[in-house]
Amino acid sequence: MRLHATDFIIFAVAGVAIVAAYLRDPGLPVIGLKSGLNLLWEILPRLVAALVLTGMMQVLISPDFVERWLGGRGSGHRGIFIAFVAGILTPGGPMVSFPMVAVFYQSGAPLSALVTYVTSWSLFGFQRVIAWELPFMGSRFVLARVLPTLVLPIIAGYLVRLIYRD
């Protein structure tokens, strides 16, 4: 297991939060830790499944598949547009989408397609729009949110291509 700089930052922020909670009330850190462990217990089955799925994707998705659908580094427009649609259609939360991005990246997908995918998934995840936005906010809100931002994932992909010569 390798720790990264961001891991140390997260641990430091958690430590500061524990100290701040203790200074407010010495009983709060225990309540906070119990709450965090309950959340871990709730998320753990999905996390394990997502990690197993990631491992299986790494052995099942070949670099040739990624090359054919998303294009390799220096690919044409096709990869950006396929990533745009794939981001919209990917169900689930970050435990599904980010492992997929990691597998595609390791298989040689261009950064432009990966950024397009993540941006598209973040803004337009079909499952989220259908399950949450439409029932709670209605179609007028969904159209007002989606239509003005529809082109953003594609622009993001092309900006990455321009900046990183992808």
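The values are calculated or read from the model by the stated rules, or taken from the named source; none is laboratory data. What you see is a predicted model, and the numbers here were worked out from it, not measured in a lab. Because the Cβ atoms are built from the backbone with ideal geometry, glycine has one as well, and the counts that use them run over all protein chains shown.
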Check your understanding: In region 39-81, how many are under 27 Å from Arg161 (Cα atoms) and assigned to a helix (DSSP H, G or I)?
Key -> 14
Practice item. Looking only at region 19-46, count how many residues are surrounded by 12 or more Cβ atoms within 10 Å (Cβ to Cβ) and within 30 Å of Pro99 (Cβ to Cβ). Key: 4
Check your understanding: Of the residues Leu89, Leu60, which single one is exposed (fewer than 15 other Cβ atoms within 10 Å of the Cβ), modelled with pLDDT of 85 or more and in contact with a Phe, Trp or Tyr (Cβ under 9 Å, 6 or more places away or on another chain)?
Key -> Leu89
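So is Thr149 among the hydroxyl-bearing types (Ser, Thr, Tyr) and either surrounded by fewer than 21 Cβ atoms within 10 Å (Cβ to Cβ) or not assigned by TED's automatic domain parsing to the domain that holds Val160 (or both) or not?
Numbers: among the hydroxyl-bearing types (Ser, Thr, Tyr): yes; either surrounded by fewer than 21 Cβ atoms within 10 Å (Cβ to Cβ) or not assigned by TED's automatic domain parsing to the domain that holds Val160 (or both): yes.
The answer is yes for Thr149.
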Practice item. Report yes if Phe84 is aromatic (Phe, Trp, Tyr), at pLDDT below 85 and either assigned by TED's automatic domain parsing to the domain that holds Arg128 or in a loop (DSSP other than H, G, I, E, B) (or both), otherwise no. Key: no
Review point. Right, Leu114: under 26 Å from Ala49 (Cα atoms) and in a helix (DSSP H, G or I) or not?
Key: yes
Study note, to complete from the structure: Checking Gly138, Gly125 in turn, the sole residue that is assigned by TED's automatic domain parsing to the domain that holds Phe84, at positive phi and not polar (S, T, N, Q) turns out to be Gly138
Practice item. Evaluate the following for Gly36: is it part of a helix (DSSP H, G or I) and either over 20 Å from Leu111 (Cβ atoms) or under 23 Å from the mean Cα position of the chain (by Cα) (or both)? Key: yes
Study note, to complete from the structure: In the set Ile31, Ile43, Ile80, Ile18, the lone residue that is touching a residue at least 60 places away in the same chain (Cβ under 8 Å) and not polar (S, T, N, Q) is Ile80
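Filter region 92-111 down to residues that are assigned to a helix (DSSP H, G or I) and aliphatic (A, V, I, L, M) and give me whichever is surrounded by the most Cβ atoms within 10 Å (Cβ to Cβ).
To start, the set of residues in region 92-111 that are assigned to a helix (DSSP H, G or I) comprises 94-106, 111.
Narrowing further to those that are aliphatic (A, V, I, L, M): 95-96, 100-103, 111.
Numbers: Met95: 16, Val96: 18, Met100: 22, Val101: 20, Ala102: 14, Val103: 20, Leu111: 15.
Residue satisfying both the conditions and the ranking: Met100.
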Exercise for review: Test Ser122 against the criterion of being crowded, with 16+ Cβ neighbours inside 10 Å and under 26 Å from Gly76 (Cβ atoms), and give yes or no.
Suggested key: no
Review point. Does region 119-130 include one or more residues that are modelled with pLDDT of 95 or more, touching a Phe, Trp or Tyr at 6+ places or on another chain (Cβ under 8 Å) and assigned to a helix (DSSP H, G or I)?
Key: yes
